[in-house]
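Accompanying notes for the structure given below.
The values are calculated or read from the model by the stated rules, or taken from the named source; none is laboratory data. Worth saying up front: this structure is predicted, and the values here are computed from it rather than measured. Backbone-built Cβ (ideal geometry, glycine too); neighbour counts: all protein chains shown. Side chains included, ligands, DNA and RNA excluded: accessible areas come from the protein's heavy atoms. Shrake-Rupley method; radii C 1.70, N 1.55, O 1.52, S 1.80 Å.
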Amino acid sequence: MVDRLWPLDGAPQVDDQLEEYYAYPAALQRPWVRVNFIASLDGAVTVEGKSRGLSAPVDQRVLGLIRDLSDVVLVGVRTAIIEGYRGIKRTEVRAARRQRLGRSEVPPIALVTNKASLPLDSPLLTDTLVPPIVLTAEAAPLSRRTELADAGAEVVVAGDEKVDLRAALDALDARGLRRIGCEGGPTLFGNLVDADLVDELCLTLSPLLTSGDAGRIGAGAGGAPPRRMRLQAVLHAESLLLLRYARMRE
């Protein structure tokens, strides 16, 4: 069954409905990966290299809510650098919601980077309430891993030559971080699809035609069978479609 709730007009009851709509499954026994993306009607994932050119206030509102509901935000380091990520901010609404749900005050950001390539002056290190988690590989230079740890990051080795995403999720799980809100980018999403680690996709269709050569939302190695998803729900607001799909597993 597909639920529809529209428009999203900012009323308190709509906020309550949205929280219920985007709630993670109860009593999770394993990591649950929810990927959140926005794309144009003709499939572009960016405008002039960044996703914010596709976004709108309602999409940002949903992004913030998913962050509120997540134990951790997972993102590829290249996307974090391009999009100017910094630590997630505390707000009264966020703090109250997360306290009510039994979460920490703000979620940490976990970065996937094969070579531990987060710049030492990144706002993720210099402007954050909680240390980022750097998920990297054994092949990353030890000196670089040490520098990031000294700068305040929690450095986790998960894999030899490159990050083993299943091991990375296990490492998050060991820290009690099972509700994983992934914000891309396309390479990370594609690699998660290849490894069949995506449980849910929240896809916003922006009412824009962009043309150009921007990439698609998933860009992994491919070769694996397509993963079948089931439409769970649809929202409509400000000419955007907010779609939520869940993985069909046997």
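Brief remarks on what is shown
- Mean sequence separation of contacting Cα pairs (under 8 Å, at least six apart), scaled by the length of the stretch 1-159, corresponds to a relative contact order of 16 percent.
- Overall form of the stretch 153-250 per C-alpha gyration tensor (a/c, 1.5; a/b vs b/c): prolate
- Of the GluC sites (Glu not before Pro) in the stretch 31-118, those whose Cβ has at most 13 other Cβ within 10 Å and which sit in DSSP loop: GLU48, GLU105
- Look at the dipole of the stretch 85-243 built from charges on Cβ: of LEU231, LEU135, ALA214, the Cα furthest out on the positive end belongs to LEU231.
- Protein heavy-atom accessible surface, 1.4 Å probe, per residue over the stretch 76-164: 51 Å².
- Computed from phi, the 3J(HN,Hα) profile of the stretch 31-48 under the Karplus parametrisation 6.51, -1.76, 1.60 (θ = phi - 60°) reads x, 10, 9, 10, 9, 10, 9, 10, 9, 6, 4, 9, x, 6, 9, 9, 10, 6 Hz, with x in place of Gly and Pro.
- One chain, two ends: ARG249 and ASP213. Fully extended at 0.36 nm per residue, the span grows by 9.6 nm beyond their Cα-Cα distance.
- Sequence-distant lysines (8 or more away, or on other chains) whose Cα lies within less than 18 Å of LYS115: LYS162
- Derived scalar couplings between HN and Hα for the stretch 55-70 equal 7, 8, x, 5, 5, 5, 5, 5, 4, x, 5, 4, 4, 4, 7, 8 Hz in order, rounded to whole Hz, by the Karplus curve 6.51 cos²θ - 1.76 cosθ + 1.60 (θ = phi - 60°), x for Gly and Pro.
- Antiparallel beta bridges, as assigned by DSSP with both residues in the chain, represent about 35 percent of the total such bridges.
- Carbon + sulfur, % of accessible area of the stretch 197-250 - ligands and nucleic acids excluded, 1.4 Å: 52
- Candidate aspartates and glutamates for bridging to LYS89, where Cα separation is under 17 Å - those fewer than 8 sequence places away on the same chain excluded: ASP68, ASP71, GLU105, ASP127, GLU183
- Summed over all non-identical Cα pairs, the Kirkwood treatment of the chain gives a radius of 18.6 Å.
- Remark: the ALA96-LEU120 segment gains 5.5 nm on full extension, using 0.36 nm per residue and subtracting the alpha carbon distance.
- Inter-site label distance for GLU154 and GLU20 at 7 Å from Cα along Cβ, in nm: 3.3
- Here the stretch 36-85 exposes an accessible surface that is 54 percent carbon and sulfur, computed with a 1.4 Å probe and the other protein chains kept in place.
- Percent accessible area from carbon and sulfur atoms, the stretch 97-175, protein chains only, probe 1.4 Å: 48
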